[in-house]
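I have placed the structure first, in the form of structure tokens, so that the comments after it can refer back to it.
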Amino acid sequence: MNQTPDIVANLLANPPPELERIMNDPRTTDEARQAVKEISVVSPPPAGTGTGVSSATGGHGISGGDQSRDGRLQVVNEKQEFTKQLSPYLSKWNLLDKGFAYDVVAVFGSQSTGKSTLLNRLFGTSFDVMDESKRQQTTKGIWMCPSKYGNTLVMDVEGTDGRERGEDQDFERKSALFSLASTEVLIVNLWEHQIGLYNGANMGLLKTVFEVNLGLFGGGGDTNKPRPQEKTLILFVIRDHVGSTPMSNLTATLTQDMEKIWASLSKPQHLADATLSSYFDLSFAALPHKVLMPEKFEEAVLELRKRFTDRSREDYVFQPSYHKRIPADGVGFYMEGIWQQVLSNKDLDLPTQQELLAQFRCDEISTVVTEAFLASSKVVRRPVEVGTVVDGLGALMRDWLNTALGRFDRDASRYHAGVYQRKRLDLLASLHSSLSPLFMGQMKNLHKVETAKFSKAIVAGVKEPGYDFGNVVKQGKEGARARFVEAAKEVQIEGTDWEYEHELALLEDDLRLIADQCRADETKKMVNAIERTVKRQLLEPVEVALSQPSTKMWDTVLETYRSVSESGEEAYLVKAKSYNCTEEENAAAIAVLRARIWLSLRRKLEEQTSDATILATLRSNFEERFRYDEAGVPRVWKPADDIEAAFRRSKDDTLALLPLFANISPSSPSLLPTLPSPEASFDSESDPTPFDPSTAFVLLSPTKLLSIETRFKREADAAYVEAKRSMVSSVAQIPLWMYGVLVVLGWNEAMAVLFNPLYFAMLLVLGASAYIVLQLGLAGPLLQVSRTVINEIRRIATEKLREAFADVPEAQRILTEPVSASSNGGNATDGLRHEERQRGDLLGEKILEK
């Protein structure tokens, strides 16, 4: 069909910038192209005419500043941020109180295909349109404007396939998904010659959007059929339709393409059998060429507008099944929620070819760099694992990191910048992760080393003369903490979240435990030393006091005990100040010290009140009274002395002292000490057995007293018998006149020795020998030899006698039978002699019989 006259007439009403597109249109005939050339030369376009953007307003994606102009609102800006002003603008547009009586429509299509112009013609909106003299992006982000012909919200979406974004299709996918999920009707604006193309008709983008839409908004898994309000109408508006291809063929092609896309989707398992018609209805409309046939274009637009406004038409687009059933006052929150879900979905982040290449190469480079890095760090892993602190580990790790990152930067920085930066961060995180065990191992090794050094420092410090335990611990802790922090900071790597504070806290806890243990040990040593000192100060006065029993004996003992205890406690408190002991520790140590002092006193008292000791004390006291006079001179008993009265008086006075040892009974009850708790005595090393507080002041039981009294009386009686014997021996001594008789009777023998040469010579030899022995000091050795010989002779004789009397037990009985003592003076002596003679006669008879 020859349309040249009509085309030439229409060209007169259009500006020259549109002529270039008409010249490139394959449907334009040669005659039309010639006419366009003539008009473009003869008739330049008047300024300010055409469909370009006026200088006052400019493109709403180009100019910055306020998000809204002339009743328009930018719902999503170029930074993918959702506006907070949607609800206020709905109120401004008088739509906030409409309930469900509103509709939402959006347009979708390639950039610079007249989407904004179409919306302005259909709904009377004021979206900015492209300045055809520049052919650049007009709409940026997503804009919204109310329709003049009803309660309809119209969204103008940034076009796809724009040179401004290049291969970055991230926003295209997100804006398309947002439009598909939030609107009732999605207008797909495309040229007639784009039908049948995959990318030109945005079929690849629609496939991605369909898949994500099913995953996000496809409904639950219990049904394959969505609710009616979940359906959306996709209205394909075919632009520049000149009638060469019948509309039915174009419709069939688009329907087949959509069915193919739906069949190729990766659907969720519960939606595997869902069909395209379950979620979407397809509708089609065609618009003539806006430049070549402006009148028909306007007529078609008016006809298409009726499908949006006339509810009586069968092809009315805003059917109830498409409405999202969201009240108007909740639209702002609803759309913002959808946008947030779209932003958080990773399935839309599909990489470009450059990104894919960059990812592949960066992964390869990262693998090589990581292998070299691990090989470098292998040399120190084993020492760290076995507990060795590696000096300069931080410098080594930084050098490994710088080398690895430098190599990665050199080889990977030539690829896609975003992928390179992302992979660099991933590599750095991986390297940090591989170094983290070294850091933790170094921290644990430092912990062990500093703990050992701290223990050694305390041991060495307490060996110094005049040491202050508190200062030793303080200096040790400060040194260990400073060394640990310094080493930890050296090994810490910038840009990591590694922390040494936790390990430092554990180290301080261990140091505190070690210090507490050492303080406990030192306190124990100090208590032991004080206990030994107290024993020296306490035991000797107690022994002296008990060896001289009197009524004031216990007063002396308890006063000494109190003073010694107080001095011991004061000595402990003075020394404990340098140990930084707590009040509880001081109280416990003092309780132990008191218990030990008390137990030491008890043991000494028990030792001094033993049977042998008390008997010795009583015997000494009795002998002092019985054998010595008031002036302390030993008594020599004479027949005229009253030995019986002295014996009774001494014995009674001595027995009166015995009850003093039974109980600790001072003259004043205030002198009695406060007994320590029985539990505290368990800490005593020498006597871990706790005492019984009920018997703490009891030393001798009544039975023990009676036994000691009986034994003392026996010993006193023996002393009395001995005294009587000494009196008898003194009475029976040789008279002086007997010595004269001996001289008279032995005079002849003496003269015979002196005047006999042989006897006299022997006497001289004996005298000279005695003189020599005395001069040479041989008297002692000779006496010792003589004594030894005599003892040996006596031993041999005794053995022979025992052999001889082995069969005579009666003789043994006679020899071992005790001699009874008598209390009468002379009669006792005669009785003893008589018994001795009887025993001798009896023994002689036995020997004769043997």
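The values are calculated or read from the model by the stated rules, or taken from the named source; none is laboratory data. Worth saying up front: this structure is predicted, and the values here are computed from it rather than measured. Positions of Cβ are backbone-derived with ideal geometry, glycine not excepted, and every protein chain shown enters the neighbour counts. Remember, those area values only see protein heavy atoms, side chains included, never the ligands or the DNA or RNA. Shrake-Rupley method; radii C 1.70, N 1.55, O 1.52, S 1.80 Å.
Some notes on this structure:
- Computed with a 1.4 Å probe over protein heavy atoms only, the accessible surface of region 519-653 comes to 52 Å² per residue.
- Protection proxy ranking, highest mean first, for peptides 768-774, 455-461: 455-461, 768-774, where packing is the per-residue count of other beta-carbon atoms within 10 Å, averaged.
- Inter-label distance, nm, simple model (7 Å from Cα along the C-beta direction), residue 414/residue 385: 3.8
- Carbon + sulfur, % of accessible area of region 403-442 - ligands and nucleic acids excluded, 1.4 Å: 55
- Remark: region 484-498, residue by residue, has Karplus-estimated 3J(HN,Hα) of 5, 5, 4, 5, 5, 5, 5, 8, 6, 9, 5, x, 9, 9, 5 Hz, where x stands for each Gly or Pro and the curve is 6.51 cos²θ - 1.76 cosθ + 1.60 at θ = phi - 60°.
- Extension gain for the segment residue 430 to residue 376, taken as residue separation times 0.36 nm less the Cα-Cα distance, is 17.9 nm to one decimal.
- Solvent-accessible heavy-atom area per residue, rounded to whole Å², over region 265-357 at 1.4 Å: 52
- Between amide H atoms placed 1.01 Å from N, distances below 5 Å from residue 152 occur with 103, 147, all of them 5 or more places distant or on a separate chain.
- Burial order of peptide ranges 509-518, 613-622 (average beta-carbon count within 10 Å, highest first): 613-622, 509-518
- The stretch between residue 620 and residue 248 holds 119.3 nm of extra length on full extension. This uses 0.36 nm per residue minus the Cα-Cα distance.
- Cα-projected label distance for residue 704 with residue 640, points at 7 Å along beta-carbon direction, nm: 4.8
- Whole-percent carbon and sulfur share, accessible surface of region 281-397, 1.4 Å: 54
- The simple spin-label model puts a point 7 Å past each Cα toward its Cβ; for residue 770 and residue 151 those points are separated by 16.2 nm.
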